[in-house]
Amino acid sequence: MTQPATVETAIGTKPPENQPAQISWTHLRMPPFPQVALKVLQLASNENVQLSRLGELISSDPAFASEVLTVVNSLLYAPRYPIRSILQAIEVLGANHLQGLCLTVGVRAYLGKSLGHPTMRTLWRHNMACALIAQQIASAGTTDRDIAYTAGVLHGIGMLALAVIQPREYIDLLGTFIGTSASILDRERLAFGIDHCELGQKLISDWNLPEDFAAVMAAAHLPGIAGQWGVTEIVGLSCRMADTAGFSAFSACHAAPFEELLKELPPRERKLFHTDVETLSFEVSKKISALESI
């Protein structure tokens, strides 16, 4: 049985009065993330994997497979005909797309009943908004849209983990913090001894996921670098666009103007992407609502 996280200072003694307790990484006891979702991420990154092997892996957990099929047949995808098996889903959507879908299902299962809490649902929506925006930006260019979506879902896994490990403390922090999404990192380190980017990178390593995903964690809070454009930059921009579009991880987030964020897009993506934040917000909201209605 999974044990709760142990809260202590770096030297293992109670913190002085009025000073926040810190979480020592070596004493964290993480609730288990759905293993099927992690194995799919590990397996799908192998270009030589057989689709039947991927299908067998997902189908090995009937409850997980059922949830995947429910999402595939929902209004989010609106298939022209019912998809009745995992192998059929792989054939229709492709392995990379199913990878992101399985991760989405895994995150929902990881959060469980806590998704009913308004703050947890806000975190979930921020994560999904980032993934959906990353997918749209990638579609406007030459980057793989499915990998961008998967990276977008993963980008906030550290925040979700902190919320699962220390729900009361982290919900209080998110409910009272005022500032940019980047400035919250210092407050997290003060309160927990680790910020959500660092925690996300450790999880990527512990879960044996491709190292490319680790770079995505910190990118969300860094401005784009001229001349560099790939999944990491797309997710970083998408995270900040999610804030601006009304899907910030905390209510008092200071978001950047949408017009400024559009300037970070390369010419091709800028030409094909949304020109106003209202349209982007509406499309993202519609897709998240479709997923939440399942």
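The values are calculated or read from the model by the stated rules, or taken from the named source; none is laboratory data. Bear in mind that the values here come from a model prediction, so they are computed numbers and not experimental data. Don't worry about glycine lacking a Cβ; one is built from the backbone with ideal geometry, like all the others, and counts go over all protein chains shown. We work out accessible area using only protein heavy atoms, side chains counted, and drop any ligands, DNA or RNA first. Shrake-Rupley method; radii C 1.70, N 1.55, O 1.52, S 1.80 Å.
Grab the beta carbon distance between L87 and R121, set R0 = 30 Å, and tell me the FRET efficiency rounded to 0.05.
That gives a FRET efficiency of 0.35.
So how do Y77, Y170, Y149 rank on accessible area, 1.4 Å probe, biggest first, that is with the largest at the start?
Reading off the accessible areas and sorting them downward yields Y77, Y149, Y170.
First compute the accessible area of the range 137-211 with a 1.4 Å probe, then give the percent of it belonging to carbon and sulfur atoms. Kindly include the intermediate steps, with their values, before the conclusion.
Numbers: 1370 of 2830 Å².
The nonpolar share, carbon plus sulfur, comes to 48 percent.
Let me have the 222 nm mean residue ellipticity of the chain computed from DSSP H runs of 4+ only, each contributing -39500 (n - 2.57), with the sum over all residues rounded to the nearest 500.
Helix contribution divided over all residues of the chain: -18000 deg cm²/dmol.
Using a Förster distance of 35 angstrom, determine the FRET efficiency expected from the C-beta separation of S293 and K263, and round it to 0.05. Could you put the intermediate results ahead of the total?
On the way: r = 35 Å, r/R0 = 1.01.
The value I calculate is 0.50.
Work out how much length F282 to E211 would gain on full extension: take 0.36 nm times their residue separation and subtract the Cα-Cα distance, in nm to one decimal.
That pair, F282 and E211, stretches by 22.2 nm at full extension.
Largest first, how would I178, I86, I171 line up by accessible area (1.4 Å probe)?
I178, I171, I86
List, in the order given, every pair from K39/K286; K39/K263; K113/K202; K39/K271; K113/K271 whose Cα-Cα distance in the structure shown is over 32 Å.
On the way: K39/K286 30 Å; K39/K263 38 Å; K113/K202 25 Å; K39/K271 37 Å; K113/K271 41 Å.
Beyond 32 Å between Cα atoms: K39/K263; K39/K271; K113/K271.
Leaving ligands, DNA and RNA out of it, work out the accessible area of D206 with a 1.4 Å probe and give it in Å² to the nearest 10.
Looks like 100 Å² after rounding.
Can you work out the FRET efficiency for the pair A252 and T70, with r the C-beta to C-beta distance and R0 = 30 Å, to the nearest 0.05? If you can, show how the numbers build up before the last one.
Details: r = 35 Å, r/R0 = 1.17.
Efficiency, rounded to the nearest 0.05: 0.30.
Exposed loop GluC sites (Glu not before Pro) only (DSSP loop, at most 11 other Cβ atoms within 10 Å): please give the longest stretch of the chain free of them, not including the sites.
Details: sites that count: E17, E47, E211.
Formally, the longest exposed-site-free interval is 48-210.
Between L51 and T180, 0.36 nm times their residue separation minus their Cα-Cα distance comes to what?
Extending this stretch completely gives an extra 42.2 nm.
Pulled fully out, how much extra length does the chain show between Q35 and Q228, if you take 0.36 nm times their separation in residues and subtract their Cα-Cα distance?
Difference between extended and current length: 66.1 nm.
To the nearest 10 Å², what's D195's accessible area with a 1.4 Å probe?
10
Going by a ≥ b ≥ c, the root eigenvalues of the Cα gyration tensor, does the chain fall in the rounded group (a/c under 1.5), the prolate group (a/b larger than b/c) or the oblate group?
On the way: a/c = 1.72, a/b = 1.20, b/c = 1.43.
Taking the square roots of the gyration eigenvalues as a ≥ b ≥ c, the chain is oblate.
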